[in-house]
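The values are calculated or read from the model by the stated rules, or taken from the named source; none is laboratory data. Just so we're clear, the structure is a prediction, and the values are computed from it rather than from any experiment. In this analysis, Cβ positions are derived from the backbone assuming ideal geometry, glycine residues included, and neighbour counts consider all displayed protein chains.
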Amino acid sequence: MSSFNQQEFSDYTVVNSSQTRATGSVSKKFMSGVFTWMFVALGVSALFALLFASNDSLLQYLFTVTSAGAKLGPLGWIVMLAPLGFVMLMSFGYHRLSPVALTGLFVTYAAINGISFSFILLAYTASSVIGCFITASLMFGVMAVMGYTTDKDLTSFGSILMMALVGIIIASMVNWFLHSDALGYIISLVGVAVFTGLTAYDVQKLKRIGAGIEYDGTANDTRKLALMGALNLYLDFVNLFIMLLRLFGNRRN
């Protein structure tokens, strides 16, 4: 889910509208770094997903098939539970972690996520995965451009989306026990709307951060901010893709 870590960015956010529209070279470099790290994370995730989904010997480390059904192995439990821990560690340890350590955690998180995505490649047909990935990419791209170019302040809109995100998390936890297809469909439908909107909101927030950064030699802080920004956009895209796949994906027989 999308990162809830907003405080780390607050000191860099520009509230004056004239400053917000300023897009100097430092701001553009910052945004370029954000999207570069996001694409790196997506590439790492895709690589590990394909690697595990196409290799039976690696899959054996994730789960074993018994007469009672599939049983998760130690690595399977790690990739299921570790991602949330990585996000919390990066968020709450932001000030204490060095840029190198934060980079390592970010790339490792993307790799572990990719391993967990191998289950998606095994569960859904290739055409469904590709179709939903392309759709998610187009929706993400449109909303990212909208968030970057709009003059409308999306702060209040973002607050509503964050509340809706909390609702999605709670509903998903409830449905973990209920196993309701109807509730799952509603969660996915709302999730598409929420993560689409969050994309525009997060991009505008990052644009403001970039405009507020003074080029005073604090390259380390800038890199850490870019990594956390990339994490937010990575989560927006990944969750949008998953929600679309739940709605329109065709499962393998």
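Applying the criterion of being in contact (Cβ under 8 Å) with a residue 60 or more places away in the chain and more than 14 Å from L233 (Cβ to Cβ) to the residues of segment 138-168, the residue that is surrounded by the fewest Cβ atoms within 10 Å (Cβ to Cβ) is D151. Could you say whether any residue in segment 229-252 is more than 23 Å from A110 (Cβ to Cβ), in contact (Cβ under 8 Å) with a residue 40 or more places away in the chain and of a type in the set (K, R)? Yes; the residues of segment 229-252 include at least one that is more than 23 Å from A110 (Cβ to Cβ), in contact (Cβ under 8 Å) with a residue 40 or more places away in the chain and of a type in the set (K, R). Contact annotation: no residue pair with Cβ atoms under 6 Å, 6 or more positions apart or on different chains, pairs a residue in segment 111-131 that is closer than 25 Å to V87 by Cα with a partner that is outside any helix (DSSP H, G or I) and aliphatic (A, V, I, L, M).
Taking the criterion of being over 27 Å from T36 (Cα atoms), assigned to a helix (DSSP H, G or I), more than 16 Å from the chain's Cα centre (by Cα) and not β-branched (V, I, T), would at least one residue in segment 152-159 satisfy it? For segment 152-159, residues over 27 Å from T36 (Cα atoms), assigned to a helix (DSSP H, G or I), more than 16 Å from the chain's Cα centre (by Cα) and not β-branched (V, I, T): present.
Confirm whether M228 is surrounded by fewer than 20 Cβ atoms within 10 Å (Cβ to Cβ), under 23 Å from M88 (Cα atoms) and not β-branched (V, I, T). The answer is no for M228. Pairs meeting the criteria (first residue in segment 211-228 and more than 15 Å from V34 (Cα to Cα) and of a type in the set (V, I, T), second residue surrounded by 12 or more Cβ atoms within 10 Å (Cβ to Cβ) and modelled with pLDDT of 85 or more, beta carbons under 8 Å, at least 6 apart or on different chains) are lacking.
What about G85, is it loosely packed, with under 15 Cβ neighbours inside 10 Å and at pLDDT below 95? So G85 passes the test.
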